[in-house]
Amino acid sequence: MIIKKSDRKENPNSDTCIAYEYPFGDKDINVAIVTIDGRYPEQGFVTNEKIKELILVLDGEGLIGVDDEVYEVSEGDAVLALPGQRLFYDGQLMLSVSCNPAWDKKQHKAVTEKARRNKSG
């Protein structure tokens, strides 16, 4: 099965985050190209209660926060976020994000606490 770029679905999460989802319809895995232009979410974190996210930086540079760690990232870096971990993104980034099982908005939640320490990656 192939999904052409012209058939992907645009999903604006906020003014600073747009996900371009490829609708394979597979409940076990999916992928999206995500553009970040600033901080997402604006404050705090988001979490996925049931999925792992493999985040590959395709272009740009910035920060990805995972729980209490904040990683400096740039093109070619990859970050793995496990179910229940808190995430934020900040910078000018183009990401490939693969989720297992497939991303579902019902298990995606906002978390309002802040990151506590930094770590370069």
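Every number in this text was worked out from the coordinates using simple rules, so none of it is lab data. This structure is a prediction, so every number in the text was calculated from the model and none was measured. All Cβ positions, glycine included, derive from the backbone under ideal geometry; neighbour counts span all protein chains shown.
Within the stretch 25-66, how many residues turn out to be in a loop (DSSP other than H, G, I, E, B), of a type in the set (D, E, K, R) and touching a Pro at 6+ places or on another chain (Cβ under 7 Å)? The total comes to 4. Suppose the filter is surrounded by 19 or more Cβ atoms within 10 Å (Cβ to Cβ) and among the polar types (S, T, N, Q); does residue 11 pass it? Spelling it out, it is not the case that residue 11 is surrounded by 19 or more Cβ atoms within 10 Å (Cβ to Cβ) and among the polar types (S, T, N, Q). Residue count for the stretch 1-24, restricted to those that are of a type in the set (Val, Ile, Thr) and in a strand (DSSP E or B): 1. Among residues of the stretch 69-88 that are in a strand (DSSP E or B), those with a Cβ under 6 angstrom from a residue that is among the aromatic types (Phe, Trp, Tyr) and buried (at least 16 other Cβ atoms within 10 Å of the Cβ), sequence gap 6+ or separate chain, pair up as 86/45; 87/45; 88/45.
Can you tell me which residue among 52, 105 is in contact with a Cys (Cβ under 8 Å, 6 or more places away or on another chain) and surrounded by fewer than 16 Cβ atoms within 10 Å (Cβ to Cβ)? Of the residues listed, the single one that is in contact with a Cys (Cβ under 8 Å, 6 or more places away or on another chain) and surrounded by fewer than 16 Cβ atoms within 10 Å (Cβ to Cβ) is 52.
Every residue, every condition in (1) over 19 Å from residue 112 (Cα atoms); (2) of a type outside the set (Ser, Thr, Tyr), yes or no:
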site: 14; (1), (2): no, no
site: 21; (1), (2): yes, yes
site: 29; (1), (2): yes, yes
site: 33; (1), (2): yes, yes
site: 45; (1), (2): no, yes
site: 56; (1), (2): yes, yes
site: 60; (1), (2): yes, yes
site: 63; (1), (2): no, yes
site: 92; (1), (2): yes, yes
